[in-house]
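The values are calculated or read from the model by the stated rules, or taken from the named source; none is laboratory data. Remember, predicted model here, so these are calculated numbers, not experimental data. Here the Cβ is made from the backbone with ideal geometry for all residues, glycine too, and neighbour counts use every protein chain on show. Areas reflect the complete protein model, heavy atoms only, side chains present, ligands, DNA and RNA absent. Shrake-Rupley method; radii C 1.70, N 1.55, O 1.52, S 1.80 Å.
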Amino acid sequence: MDTRRLILVIIFALSSFLLWENWQKYNQPKPAAEVAAAGTPVANGDAPRPSANLQAGSVTAPSASVAPAPASAAETFTITTDLLAATISTQGGDIVRLELFNYKEKDDPSKNFVLFDAKHQYFAQSGLIGDGLPTHRSIFRRVAGPTTLADHADTLQVRLEADGPNGGKIARILTFHRNSYLIDVAWEVTNAGGQPIAPHAYFQIQRDGETPEGESRMVMTFTGPAVYTDEHKYQKLKFSDIAEGKAKFAKTANDGWLAMVQHYFVAALVPPENAAREFYARKLDNANVYQAGLIVPMTEIAPGATATTTVKLYAGPQEQAVLKQMSPGLDLVVDYGWLTVIAAPIFWALQFIHGIVGNWGWAIVILTIIIKAAFFPLSAASYKSMAKMRLLTPRLMQLKERYADDKQRLNQEMMKLYQTEKVNPLGGCLPILIQIPVFIALYWVLLGAVEMRGAPWILWIKDLAAPDPYYILPVIMMVSMFIQTKLNPTPPDPIQAKMMLFMPLIFGVMFFWFPSGLVLYWVVNNILSIAQQWQITRMIGAGGKAANDAKA
C-alpha cells in the first residue's frame, strides 16, 4: 500500500467514525411523550430487599408491606437556592423536578435546564425497609419552614415526617447548600416499641430508558446507571442489560457510589466512607422505567432511642473538580473511554489555560498551538516527506507510464527511486497515525466537558458545545483543508486525486453539526499546519532546485 492510499484509509476511517456519530445523533428515535404530570410519579416498584449479608447484627429487616398511597393524595412544593429549584412531593419525599439556573435547555435557551422531570420519570427517591416503616410510596407530612435559601444562610433544611410502628416518629430530612448541587438526604428514626429494631434505608434514582433529547443511544454518549467501588472500579450498566437481567456489577461493598449518568449531567448517591452498602438495579414491570440505587443498614435502635443515617445526593453538571473532591472515582462519569490516559491531561491543560485567559474559546486556541508545538518534530518530518514526494511525483508518473503492464518491475523501480533519493514513502503517514489518538481524545474532551456548554467565544459563537449557527467556522475549515490538499503531493491515480479534492467538502458538511469548540480546534490546527507545510515545502523546493542547478 503506497503513501497516498494509506492516507486515504486514515482519512476515511476517521471520517466514518465522525459521520456515524452525527448520523446517530440526528436520526435517533424521538423520546416518548410525557407519561405523567410533574410531581405525579408512575406506579413504582416495592421497596428493595437487602441480601442476608447486609443485615445488621442478628435483627432482620423484613420487606416493607406498607400499602402505596394514591398519587392524588400527594402534594408538591418547591425549594429554591442560588443554583437550583427543587420540587418535592409529599409522597415519599421524592425530588420530582430539578431546575438548574446556570444551564439552559439545548433547544430553547430562554428556559433553564431541567434535570429531574416527569417527562423521563426522572426522580430521586428514598425509603426505609422494615415492618410498618414508610417507603418512597408513603405519604409524609411537610413540616413548616422556609422554601428559599436566605441571603445570610449557607444551608436550607426541609423536613417531612411520617408515623412509624408503635407510635414512633420517622423523618426524612433534605439539606440544600449554597453554591452547591449537593443535597444531604437523611432518615431519622425513633423507636417507640419495646424491642430493638435494625431498619435499612434505601436511596434510588428512577429514570426511563430514553436518551436525552439530541443525544445518540449508541455511540455519542452514555445514558444509564453506573456503579463504582475501589475493587471493581467504574462499571456502566446498560438499560438493555438491566431489563434482561444481564447487568454485571458489584453488589456489596464498603465503599463506592451509584449514579445515573447522561451527557453533561449526573445524579449520584454517595454513602459515608467505610459504611456497608448494597447496590441494585431493576426494571419496573410493564414500563420503560428503571430504578438504580443502594441500601445502607442503620445501627440497631434501642427502645426509646433515635438513629440517623445520611447519604449525599449530587444532582447537577459533571464538573470534574467538584466530583473528584466529593468521592474517589466520581469524576469518571465524564467518560473518555480507553483514551482517558490522554484525555485527562488534555482537559487539565485546557482548564489551566482557561484559568488564565478566562475564555474557553481562547483556551482551545492556545491549547491547539501548544499541541501543535509539541508535535512539531513529527509534523515537520511528515511535511518534509510529503515535500520530497511532491518533487518525485513527475518521475513516479514516468515510471507508471513506462511499466504500466509490469506491476512487479514498477514496484522495483519505485523502491529503487525511493532509496536513491532517500525518501521514505511512509514518512508522511506515521506521524499522522501517532497524532490521531490525541485528536480523538481532544474530541471527547470537547464533547464531554460541561464547561463548554453555553460557553461563548467571540461574536456569533455563543455556545462552544453547539454547532456554529451561521456555519462560518465549518466553511473556513473547508477552505483550509482545500489549501492543505493543494500543498500535498498530487496522487498519480486520477480517482485518488478526485477523492482527495472531495474530502474537504465531505468533512466540512459533517462539521456543520459538530460542536463549535471542536471545529475551532480543527480550524486553528489547519491554519498552523498550512503555515508549517508551506514553509517546509518552499525550503525543500528551493533545495531541490539548487541541487538540480548544481548538477546541470
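Between residue 273 and residue 509, what's the calculated FRET efficiency when r is the beta-carbon distance and R0 is 41 Å? Round to 0.05. E between residue 273 and residue 509, to the nearest 0.05, is 0.20. Other residues within the sphere of radius under 15 Å centred on the Cβ of residue 326, judged by their own Cβ, net out at -3 (K and R +1, D and E -1). Using the Cβ-Cβ distance between residue 195 and residue 248 with R0 set to 35 Å, the FRET efficiency from 1/(1 + (r/R0)^6) comes to roughly 0.35. Multiplying the residue separation of residue 462 and residue 416 by 0.36 nm and subtracting their alpha-carbon distance yields 11.0 nm. Accessible area per residue (1.4 Å probe, heavy atoms of protein chains only) ranks 248, 106 as 248, 106, with the largest value leading. For the residue pairs 106/462; 246/312; 119/462; 106/312, alpha carbon separations beyond 22 Å are given by 246/312; 119/462; 106/312.
What the Cβ-Cβ distance of residue 110 and residue 51 gives, at R0 = 60 Å and to the nearest 0.05, is a FRET efficiency of 0.80.
In this structure residue 232 has an accessible area near 90 Å², from a 1.4 Å probe over the protein heavy atoms. Between region 155-199 and region 248-291, what's the alpha-carbon centroid distance in Å? With region 155-199 and region 248-291 each reduced to a Cα centre, they are spaced 21 Å.
All other residues whose Cβ lies under 9 angstrom from that of residue 256 are scored, Lys and Arg at +1 and Asp and Glu at -1, for a net of -2. Compared with the direct C-alpha span, the chain from residue 398 to residue 238 gains 51.8 nm at full extension, assuming 0.36 nm per residue. Computed over protein heavy atoms with a 1.4 angstrom probe, the accessible surface ordering of 326, 510, largest first, is 326, 510. Taking 0.36 nm per residue of separation and subtracting the Cα-Cα distance, full extension of the segment from residue 302 to residue 80 would add 76.2 nm.
Residues 188, 273 ordered from highest to lowest accessible area at a 1.4 Å probe: 273, 188.
A cut-off under 10 angstrom between Cβ atoms defines the neighbours of residue 161, and their net charge, with Lys, Arg +1 and Asp, Glu -1, is +3. For residue 79, the residues whose modelled amide H falls within less than 5 Å of its own, excluding neighbours fewer than 5 places apart on the same chain, are 86, 87, 88.
A 1.4 Å probe, protein heavy atoms only, puts the accessible area of residue 457 near 40 Å². Here residue 178 sits with roughly 80 square angstrom of accessible surface, probe radius 1.4 Å. The simple spin-label model puts a point 7 Å past each Cα toward its Cβ; for residue 475 and residue 154 those points are separated by 5.3 nm.
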